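Following: one structure in structure tokens, then a few remarks.
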Amino acid sequence: MAIKYDATIATEIINQFEAAPEMLVQLLHAFVQRYGYICEEAIRQIAAELNLSRADVHGVVSFYHDFRTTPPGEHIVKICQAESCQAMGSRDLTAHAEKKLGVDLPGTTSDGKVSLEPVYCLGNCACSPAVMIDQKVYGRVSNAKLDDLLAQYGDGQ
Amino acid sequence: MIQAVTVYVPRETAAVSLGAHDVAGKLSALDNVNVVRNGSRGMSWLEPLVEVVVDGRRIAYGPVAVEDIDGLLAAGFLEGGEHDLKVGPVEDIPYFRNQERWTFRRCGLIDPLSVDDYRAHGGFAGLAKALAEGPAHVREQVNMSGLRGRGGAGFPTGIKWQTVADAKGEQKYIACNADEGDSGTFSDRILMESDPLTLIEGMIIAGFAVGADKGYIYLRSEYPLTHRVLGKALTAARESGWLGENIQGTEFSFDIDVHLGAGSYVCGEETAMLESLEGKAGLIRYKPPLPAIEGLFGKPTVVNNVVTLGSVPDIIALGGDAYANLGVGRSKGTLAFQLAGNIKRGGLVEKAFGLTLRELIEDFGGGTASGRDIRAVQIGGPLGAYFAEQHLDTPLDYEAFAKVGGMIGHGGVVVFDDTVDMAEQARFAMEFCAIESCGKCTPCRIGSVRGVEVIDRILANEDRENNLNLLNELCDTMIDGSLCAMGGMTPFPVRSAVKYFPEDFKR
């Protein structure tokens, strides 16, 4: 669930990285971990405290797939779209997930439960197709297995 | 009192992705069982591969699901009893027995987080020898070994290290590229999860050899389990005096930090990785200057892949010539091939260079998972060429593959059966480049977008001949005009698909 942005805590996070510009990528990870995404306020505050321009920070945020600027769903389901998983039916699996969840990749369900996202390789290529839900990787995910997983996570884990 | 039975259950992404944690949890609850979380042997198709120690031998069962455990217990698997899932002694499994393990020899064998276990199996022998013999000796042995960069480019490691050692400057760095982004590759991950101290030892030796006191591991964020294992392994190394200030009481100090990537493929390119390590967007840098001269924060930097660095400890311990005796021609030593995609027995195969693609896919891999015919094989990741049946007898070494227009890269082998649509794969190569291009150079940034459009027109049968010519010219432009391999090699999968599978572009 999204946590309300708090400037004092944001400063604490920034200070954990000694407000060092070379730690910006690591620092943004810490923000995503806490808030789920990088909001406009965060960009302003990080820029000010690292003595960077907002454009600098925005440039880094927008470059990396991991740094989203909108709140994610309660659970993030990433389906690998790369070659090894394609060879084992990830295109069909993706279509199945889109239909099941009623969203296009990438997208978040209207109830805010699930964000469906692409990922390019989870390094589980000997057990394709691979899916990552939040931070857990699953292998050899069939349509039925994905349905089971979605049901598990839907039960409010 | 009954002696507890030792059972190994991997804590490795592939095994965990198929339920290893549940298996370990259920076995741990038994009062006569001592569960050790090892890494992976690399036989991913058997994961979770559970090993039971019976009379000093490790008997394998796999793939074991949590639901199988009651049945296994009833069959007496704690005493090595017969069961459908019994594979037998690990070292007798042909897939494993027929490998030549060098870098990965401890993977799955030891507890990855135990310094004692690591040392009991030859760990830190290389570093101890390095500290005794001096930096020049280390560089000489690495040079003699013929080791080349295993990240994909195949650059001689000894030359790179000598360049950094010779470069002026007080501050130098070791930057380990653990941004293993190629689809079909997972050898870095398996090494880091199964034997992380090997990488740590290799980095310390590299630092000692070139005069660096600081190392970074740039790890992709898609590997959260690896991240946790590395963090614990670094702590274990520090606590035992093998990492940090005055290593083993010598004058030499070296420490390592782990930095996470953030989902960008191009950050696997060494200069983009350096930018990312400096906290910036991963835009690639012009070369020269080489990172060995002006790398991280402008200082001389060794940038090496995980497997490259992980191969070093035994090169020092056993001698560069021992490594050079493996392999063929200028491809010395071993490569960890990774069998992926539509393959029956997917996993990691470490072999000396020189076996053929067919031996790898058919003898080790057992053909396709679907049981259908093999139609295409992509080697070397998303920037690698697609090959067809007629190439399967090509020996796997850097030069032989360059001759047929391919590259071994990081050793990933992705198999497709006869249901694959190669035009779709060619389109995806361009699309992936469009998504992942850093945007610095035009041929890559714009060329890839135009590439997708041209392929769409070919598939829509719009002026096909001219558009095929246009695609060919576009490929030339990308190859000649791009700043790095992202745009410069995306044409390889595209062109090979058109060349070897032309029928898929005519419909």
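A short reminder: the numbers here are calculations on the coordinates, not readings from a lab. On a predicted model such as this, the values are computed, not experimentally measured, just so you know. Neighbour counts run over all protein chains shown; Cβ positions are idealised from the backbone, glycine included.
Numbers below:
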read-out: Contour minus Cα-Cα distance for B:N98 and B:A388 (0.36 nm per residue); value: 101.9 nm
read-out: Tail beyond 26 Å, pair distance distribution of the stretch B:115-324 (Cα, percent); value: 26 percent
read-out: Quarter of the Cα convex hull surface for the stretch A:4-154, i.e. its orientation-mean projected area (nm²); value: 9.4 nm²
read-out: 3J(HN,Hα) from dihedral phi, the stretch A:136-150, Karplus parametrisation 6.51/-1.76/1.60, rounded to Hz, x for glycine, proline; value: 9, 9, 10, x, 6, 8, 7, 4, 5, 5, 5, 4, 4, 5, 4
read-out: Given charges at beta-carbon only (K, R positive; D, E negative), |dipole| of the stretch B:422-505 in Debye; value: 280 debye
read-out: Cα gyration tensor, the stretch A:75-154 - rounded (a/c under 1.5), prolate or oblate; value: prolate
read-out: Net lengthening on full extension, B:S28/B:D257 (0.36 nm per residue, minus Cα-Cα); value: 79.2 nm
read-out: Net dipole in debye of chain A [+1 Lys, Arg Cβ; -1 Asp, Glu Cβ; about Cα centre; nearest 20]; value: 360 debye
read-out: From phi via Karplus (6.51, -1.76, 1.60), per-residue ³J(HN,Hα) for the stretch B:290-304 in Hz, x at Gly/Pro; value: 6, x, 5, 9, 10, x, 5, 6, x, 9, x, 9, 7, 10, 9
read-out: Distance in nm between pseudo-label sites at B:H121 and B:V404 (7 Å out along the Cβ direction from Cα); value: 3.4 nm
read-out: Per-pair calculated FRET efficiency, R0 = 51 Å: B:A322 and A:S110 via Cβ, rounded to 0.05; value: 0.25
read-out: Total charge dipole magnitude, the protein assembly as shown, about the Cα centre, Cβ charges on Lys, Arg, Asp, Glu only, Debye to nearest 20; value: 760 debye
read-out: Residue-averaged [θ]222 nm for chain B, counting only DSSP H segments that reach four residues, each worth -39500 (n - 2.57); value: -11500 deg cm²/dmol
read-out: Cβ-based charge dipole, the protein assembly as shown, positive-most Cα from B:L46, A:L93, B:L459; value: B:L459
read-out: Theoretical FRET efficiency, 1/(1+(r/R0)^6), r = Cβ-Cβ of A:N15 and A:R44, R0 25 Å, to 0.05; value: 0.90
read-out: For the protein assembly as shown, diffusion coefficient by Stokes-Einstein and Kirkwood Rh (Cα), 4 °C, 1.567 mPa s, µm²/s; value: 51 µm²/s
read-out: Overall form of the stretch B:377-438 per C-alpha gyration tensor (a/c, 1.5; a/b vs b/c); value: oblate
read-out: Long-range amide H partners of B:I110 with built H, under 5 Å; value: B:G39
read-out: The stretch B:314-463 shape via C-alpha gyration tensor axes, a/c threshold 1.5; value: oblate
read-out: Mean Cα-pair separation over length for chain B, i.e. relative contact order, pairs under 8 Å, 6 or more apart, %; value: 14 percent
read-out: Taking the convex hull of Cα positions in the stretch A:7-63, its mean projected area over all directions (nm²); value: 3.3 nm²
read-out: Label-point separation, B:E245 to B:K506 (7 Å along Cα→Cβ), nm; value: 7.4 nm
read-out: Dipole of the protein assembly as shown, positive direction: furthest Cα of B:F353, B:I446, B:I479, with charges on the beta-carbon; value: B:I479
read-out: Percentage, to the nearest whole number, of Cα pairs in chain B over 33 Å apart; value: 41 percent
read-out: Listed residue (A:A48, A:A20, A:V61) projecting farthest to the positive dipole end of the stretch A:7-63, Cβ model; value: A:V61
read-out: Rg and Dmax of the stretch B:422-505, Cα atoms only, in Å; value: 11.5, 35
read-out: Extended-chain gain in nm, criterion 0.36 nm per residue less alpha-carbon gap, B:E79 and B:E170; value: 26.9 nm
read-out: Relative counts (whole %) of C-alpha pair distances in the stretch B:90-215, using bins that are 10 Å wide; value: 11, 37, 38, 12, 1, 0
read-out: Calculated from backbone phi, Karplus (6.51, -1.76, 1.60) coupling profile of the stretch B:96-110 in Hz, x at Gly/Pro; value: 7, 4, 7, 8, 10, 7, 10, 5, 9, 5, 8, 5, x, 7, 10
read-out: FRET efficiency estimate (nearest 0.05) - Cβ-Cβ, A:D6 to A:H58, R0 22 angstrom; value: 0.55
read-out: Computed Kirkwood radius, in angstrom, where 1/r is averaged over Cα pairs of the stretch B:5-97; value: 12.7 Å
